[in-house]
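Down below is the structure, laid out as structure tokens.
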Amino acid sequence: MIWFALAESALTTARTLDYDDVPVRVIDPEHLVVLAFQAGGHKRRERALDRNRSTPVSPDLIASKEAWHRHQASLPIREKVRILLLLQRQDLPLLAKQRPLRAWEKPWPVEP
């Protein structure tokens, strides 16, 4: 569930930029580094470390993100499921535009 909380944080704090008159959501470098570490793989970790060295991360920002993640981890299961369903509603339509959804990627027909 931590990964989902991190992904939600990345999405909610993403900025919208204009790219050739197309609005594009951009995740901040701190989230990209942590997501790359969590995704695993030697090359991803190397790139994440290189990225972090070139743009130092504020200790205050790290502390605030750690506090946010501790709070998210302490949420009741019902709230975590609500967040998961919200992420499904946001992300799966984008994925479905690129390719057919796999059986396990279909939205859950539930309401928290």
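Please treat every number below as a calculation from the coordinates, not as lab data. Everything quoted here is computed from the prediction, not taken from an experiment. Positions of Cβ are generated from backbone atoms using ideal geometry, with glycine treated the same way; all protein chains shown enter the neighbour counts.
Some points to look at:
- Where labels lie 7 Å past Cα in the beta-carbon direction, separation of residue 70 and residue 27 in nm: 2.4 nm
- Note on residue 92/residue 50: beta-carbon distance plugged into 1/(1 + (r/R0)^6) with R0 of 30 Å gives a FRET efficiency of 0.40.
- Multiplying the residue separation of residue 62 and residue 17 by 0.36 nm and removing their Cα-Cα distance gives an extension gain of 13.8 nm.
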